[in-house]
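Encoded as structure tokens, the structure appears first; notes follow it.
The values are calculated or read from the model by the stated rules, or taken from the named source; none is laboratory data. This one's a predicted model, so the numbers in the text were calculated from it and none came from an experiment. Cβ coordinates were reconstructed from backbone atoms using ideal geometry, including for glycine residues, and neighbour counts include every protein chain displayed. Protein only, heavy atoms only, side chains kept; ligands, DNA and RNA dropped before computing areas. Shrake-Rupley method; radii C 1.70, N 1.55, O 1.52, S 1.80 Å.
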Amino acid sequence: MSPAEDMVDATFPAPQPGPAAAPYWRALDEGRLVFQRCTACGNAWLPGRTECPRCLAPAAHWETASGNARLVSWVVYHHGYHEYYATRLPYTVAVVELAEGPRLISNVIGDANGLRIDMPLKLVIQREAGVALARFAPG
Ligand SMILES: [Zn+2]
């Protein structure tokens, strides 16, 4: 088997969410991107955790994001650091800020040549190996 055939057979690196992040992945599977908001101070964040990163209150609820976001920063990968992604080069890994405030690391799909800092993005939920992933497109 050639190295290229090995890459085609590579296993998708599926997320292994703990209890604090499981609601995020369940919601994506249902077609929604959710984030946590502190019921004590109003701070909003991702990824899911058991206490507010600002005030450490142990109480938060999940809210559905509008899908509107902006591009904070990005890098274009020309090397597949996981064999699964080696067949998809180049691809863009980005820091995205939701309109509601939380930031997440995601992908911006499409041609990276037109990307610019602060450009508006729209949520696009895509499936890989049956796992729903939050990605973004210019918009
Ligand atoms: Zn808080």
Can you list the residues, at least 5 places off or on another chain, whose amide H is less than 5 Å from the amide H of residue 119, using H built in the peptide plane? 71
Whole-Hz Karplus couplings 3J(HN,Hα) for region 109-118, θ = phi - 60° and coefficients 6.51, -1.76, 1.60, Gly and Pro as x, run 8, x, 5, 7, 5, x, 5, 8, 4, 6
Within region 106-123, find all residues whose amide N lies under 14 Å from a label point positioned 7 Å from the Cα of residue 99 along Cα-to-beta-carbon. 120-123
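Share of antiparallel DSSP beta bridges in the chain, in percent to the nearest 5? Please list the in-between numbers first.
Working: 31 of 32 bridges.
If I count the DSSP bridges inside the chain, around 95 percent turn out antiparallel.
What's the FRET efficiency of residue 62 with residue 82 using the Cβ-Cβ distance as r and R₀ = 22 Å, to the nearest 0.05?
Numbers: r = 29 Å, r/R0 = 1.31.
Working from the Cβ atoms, E equals 0.15.
Accessible area, 1.4 Å probe, largest first: how do 63, 30, 83 sort? List each step's numbers first, then the result.
Numbers: 63 50, 30 125, 83 100 Å².
My answer, sorted largest first, is 30, 83, 63.
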Cut-off under 5 Å, modelled amide H: who pairs with residue 91 long-range: 77
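Over the chain, what number does the Rg to Rh ratio reach, with both radii from the alpha-carbon atoms and Rh per Kirkwood? Spell out each step's value before the answer.
Values: Rg = 16.4 Å, Rh = 16.2 Å.
A ratio of 1.01.
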What Kirkwood hydrodynamic radius do you get for region 72-139 when you take the inverse of the mean 1/r over all pairs of distinct Cα atoms, in Å? 12.6 Å
Let's see if you can work this out: charge +1 on each Lys and Arg Cβ, -1 on each Asp and Glu Cβ, no other charges. What is the dipole magnitude of the chain about its Cα centre, in debye to the nearest 20? 520 debye
As a test of the formula, what do you get for the chain when each DSSP H run with n ≥ 4 contributes -39,500 (n - 2.57) and the sum is divided by the residue count, at 222 nm and rounded to the nearest 500 deg cm²/dmol? -2500 deg cm²/dmol
Starting at the first residue of region 94-106, write each ³J(HN,Hα) from the Karplus equation 6.51 cos²θ - 1.76 cosθ + 1.60 with θ = phi - 60°, in whole Hz, x for Gly and Pro. 9, 8, 10, 10, 5, 4, 7, x, x, 10, 8, 8, 8
